[in-house]
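First the structure, in the form of structure tokens, and then the observations on it.
No lab work stands behind these numbers, since they all come straight from the coordinates. Predicted model only: the values in this text are computed from it and were never measured. Note that we place each Cβ from the backbone using ideal geometry, even for glycine, and neighbour counts take in every protein chain shown.
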Amino acid sequence: MLPRGHDFKWNLHRLASAWQVWIESKCRLAEIPPEYGLRPFLSSPTLPLGIMNDIPSAVVNNLIALGSLDDGPSAKQDQLLARLKPFDKVNRLGWNPWNEVADALAEDDLKNLVRGLAIADSQAHWCGGSVAGVIWAFRRYEARFPDNAPELADWVLARSENPFVPFGRMRAGSRSIAEFKSYLSAKARRHDQSEQDQKDARQHKRIRAAVRRRLDEERHVLQAAHSQSRAVLISQLSGLPAKDRLEHIAWDDLHSLAFYPASFAKVDRQSFDQLDDGTRKRLLDKLAARRKGAWKKLQGQLVINRPEPSSCR
């Protein structure tokens with residue numbers, strides 16, 4: 001059960017104190033410079049949700065100076081990078097503090113800030129990735145000075161190794177605005193093609209289902225018609241003498257013996273002997289193909305009871 005009244009507030013205040021001690025110990029281990037310190041928060045009776053660190057003005061000035069240098073290594077650049085290296089955490093503060101800084105700068109200073117952040121991100125090995133400060137600074141520059149933003153983007157794209165700079169999204173190795181637009185166009189085409197392929201696949205699935213349904217209906221109709229026609233034929237043959245049925249079966253090249261009921265195989269020797277030689281041979285050939293059942297039994301009876309041909313003396 002949670003404590004009530006004054007005890008609860010006192011425990012909450014103690015928890016806030018312990019949290020600040022833990023944060024300060026982590027900052028000392030990370031060697032954060034004193035001027036980059038934490039804002040006090042214990043004056044508040046409730047526990048804060050987070051801490052916002054300001055960007056030191058010296059860091060901003062050094063970044064602007066770094067961005068104003070000519071391309072290529074120089075002693076001045078090395079000096080500025082050495083000063084900036086301990087402040088790599090400012091590269092992961094998010095958009096709000098960088099927006100405040102960017103909105104307070106003139107165009108040239110803001111452009112140099114973007115350039116300086118791009119250089120520091122790559123050469124001072126600041127860890128920023130998709131939240132690097134150069135992304136937020138460039139977005140403010142693009143919003144305030146859209147006509148000049150493409151030129152600055154080309155400069156950053158040609159020099160930065162961060163795959164998310166300066167647009168905050170993957171650029172797939174693009175080194176210019178033209179290459180980036182080409183990449184986006186190709187990506188959009190692939191996306192559209194994928195969407196179309198998925199749409200076509202869903203449509204084809206519906207078509208195949210409809211085709212299967214119609215074919216099933218056709219098969220049922222054909223099966224019903226086949227069963228009905230067989231019943232009519234069997235009925236007709238059932239009314240014939242055994243000899244006539246055997247003749248029909250012998251000369252039926254459409255149906256196998258399995259088509260006919262087993263009762264048709266129950267015939268006497270006399271009915272078989274009434275058949276002409278050609279019909280008897282065809283019937284025996286059909287019977288020879290059977291391996292079991294009534295027709296196989298009939299075949300055995302006919303072979304056993306076959307009369308021996310008379311010999312001439």
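Computed quantities for the displayed model
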read-out: Under the Karplus curve 6.51 cos²θ - 1.76 cosθ + 1.60, θ = phi - 60°, whole-Hz ³J(HN,Hα) for the range 240-248, x wherever Gly or Pro sits; value: 9, x, 4, 4, 5, 5, 5, 4, 4
read-out: Linear extension gain, residue 200 paired with residue 266, 0.36 nm per residue minus alpha-carbon span; value: 17.8 nm
read-out: Cα-only radius of gyration and Dmax that characterise the range 98-196, units Å; value: 14.2, 47
read-out: Sequence-distant lysines (8 or more away, or on other chains) whose Cα lies within less than 22 Å of residue 187; value: 199
read-out: Cα-derived Rg over Rh, computed across the range 182-239 with Rh taken as Kirkwood radius; value: 1.60
read-out: Partners for residue 286 among lysines (Cα-Cα distance below 27 Å; same-chain residues under 8 apart left out); value: 243, 266, 296, 297
read-out: The range 150-255: GluC sites (Glu not before Pro) in DSSP loop, at most 10 other beta carbons within 10 Å; value: 161
